[in-house]
Amino acid sequence: MSVEASQRKTTEPGALPPAGFVPLCVPELRGREWEYVKDCLDTGWVSSVGSYVDRFEKMVADRVGVAHAVATVNGTSALHIALQIAGVERDDEVLVPTLTFIAPANAIRYVGAWPVFIDAEPDYWQWDAEKVRAFLEEGCRWADGELRNKATGRRVKALLPVHVLGHPVDLEPVVDLARKFGLAVIEDATESLGAAYRGKQVGSFADMACFSFNGNKLLTTGGGGMLVTNNAEWAQRAKYLTTQAKDDPVEYVHGAIGYNYRLTNVLAAIGCAQMELLDEYIAAKRRIATRYETALATIPGLQPMREATWASSVFWMYTILVDAAVYGRDSRALLAEFSRERIQTRPLWQPLHLSPAHAGAEAANSGVAERLYRDGLSLPCSVGLTEADQERVIATLNRLASSAR
Ligand SMILES: *Cc1c(COP(=O)(O)O)cnc(C)c1O
């Protein structure tokens, strides 16, 4: 129990709870983490080999429903390796959403390739498969058995859908397009472990998929990642590249430029304990989402997060859209008010076609991501968020709505 929660217990009946800080999304370490970490320390298996690494990989592979998983130091490194294995090379292009955390676009640059930023759809705020289709069919042409961007002349090599905020991308059309145009597909499932698309877990549809166990994700190892695939050869290649590409461990013969992208046994131990509680944590996230949705139904100008009929979302980062004209305040003014209340909220990411880090990149956009960026606000949604703290968030939304009118 947090210090704040225990203090709240001692307040007198009827008294207002003390206005403690409500963070946006913090780790929940309530399982067997200590026990497993202690086991690592007691046995001396603290480094990059050990039974917890193997166990963590197997737990994730089994859960996602794929044959192989390779643990990595973080989700970004898993993406970096996946792109290499998919055959993405210098000056290739990879299609990626403009509305996402920046990591997948950066990973594309790490291999010397270029991102092409495609807009979001307005309903679930995910990658718009229709705009992907339009770009591939109208913006590209076939030349010598390869697909080339008409504008840049570069080879288009892969699609990188990102399941943002815990909700899946509409994947079927994306995978169909990839087959039609001979492109690799890598799912960035870092924000959506446990989410399902048409009854199957995200991460099991594409050639490869990547997960993250960063501190703000649904499950965390402090920092960590995972590459999953059904292709045994690729899994082996991923293990090889993430462990310095060592061909002979005695003579230290290396067959390629590899990386030290391993996850330590200590962190994998935390991961095993976290995986044991995945379903509990998803249930908590969904409960939080339902409470917000119910409350928002009576506040004009605030749109809740939606879930498609073909999807099961884990509601990783609960986000609303603020219609400033109706609500009376825009998303940033609301953020400032929350901040005064010691409640942490956050806008969505700056769309990457506007990012200085990726200035000059190709983009196909019609303003959806820009509108979502303008109006979006993520609300406190930690797995351990108490009902009392969520009530404070909701009360603030209500109070500001009436004060604005
Ligand atoms: C968190 C995240 C990553 C990267 O994960 P790290 O473990 O922080 O490297 C990649 N893509 C998206 C969409 C993310 O949200």
Pairing a residue in the range 220-236 that is basic (Lys, Arg) with any residue that is surrounded by 16 or more Cβ atoms within 10 Å (Cβ to Cβ), where Cβ atoms lie under 8 Å and the two sit 6 or more apart in sequence or on different chains, gives none
Report whether or not TYR318 is closer than 25 Å to THR190 by Cβ, of a type outside the set (A, V, I, L, M, F, W, C) and touching a strand residue (DSSP E or B) at 6+ places or on another chain (Cβ under 9 Å).
-> yes
From GLU89, GLU57, residue being touching a strand residue (DSSP E or B) at 6+ places or on another chain (Cβ under 8 Å), of a type in the set (D, E, K, R) and crowded, with 22+ Cβ neighbours inside 10 Å = GLU57
If a residue has to be among the small types (Gly, Ala, Ser) and in a loop (DSSP other than H, G, I, E, B) to count, how many in the range 365-405 make the cut?
-> 4
If you go through the range 199-217 one residue at a time, do you hit one that is on the phi > 0 side of the Ramachandran plot, at pLDDT 95 or above and either more than 15 Å from the ligand (Cβ to nearest atom) or not in a strand (DSSP E or B) (or both)?
-> yes
Residues in the range 306-353 that are in a helix (DSSP H, G or I), in contact (Cβ under 8 Å) with a residue 40 or more places away in the chain and either in contact with a helix residue (DSSP H, G or I) (Cβ under 9 Å, 6 or more places away or on another chain) or acidic (Asp, Glu) (or both): how many?
-> 8
Members of the range 137-176 found to be surrounded by fewer than 20 Cβ atoms within 10 Å (Cβ to Cβ), hydrophobic (A, V, I, L, M, F, W, C) and at pLDDT 95 or above, listed by number | LEU147, ALA151, VAL175
Wholly enclosed helices (runs of 4 or more DSSP H) of the range 23-139 bearing at least 1 residues small (Gly, Ala, Ser) and farther than 22 Å from THR190 by Cβ = 51-64, 129-138
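Within the range 179-189, identify whether any single residue is within 16 Å of the ligand (Cβ to nearest atom), assigned to a loop (DSSP other than H, G, I, E, B), modelled with pLDDT of 95 or more and not basic (Lys, Arg), and answer yes or no. Spell out the reasoning first.
So in the range 179-189, the residues within 16 Å of the ligand (Cβ to nearest atom) come out as 185-189.
The next check asks that each one be assigned to a loop (DSSP other than H, G, I, E, B); those that pass are 189.
The next check asks that each one be modelled with pLDDT of 95 or more; those that pass are 189.
From the residues that got through so far, the ones that are not basic (Lys, Arg) too are 189.
Scanning the range 179-189, I find at least one residue that is within 16 Å of the ligand (Cβ to nearest atom), assigned to a loop (DSSP other than H, G, I, E, B), modelled with pLDDT of 95 or more and not basic (Lys, Arg), so the answer is yes.
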Of everything in the range 69-126 that's within 14 Å of the ligand (Cβ to nearest atom) and of a type in the set (S, T, N, Q), which residue is nearest to HIS163 (Cα to Cα)?
-> GLN126
Can we say ALA232 is away from the ligand (no atom under 16 Å from the Cβ) and within 20 Å of ARG63 (Cβ to Cβ)?
-> yes
Residues located in the range 205-216, provided they are under 18 Å from VAL70 (Cβ atoms), within 13 Å of the chain's Cα centre (by Cα) and surrounded by fewer than 24 Cβ atoms within 10 Å (Cβ to Cβ) = ASN214
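The values are calculated or read from the model by the stated rules, or taken from the named source; none is laboratory data. Fair warning: this is a prediction, and the values are worked out from it, not measured in the lab. Don't worry about glycine lacking a Cβ; one is built from the backbone with ideal geometry, like all the others, and counts go over all protein chains shown.
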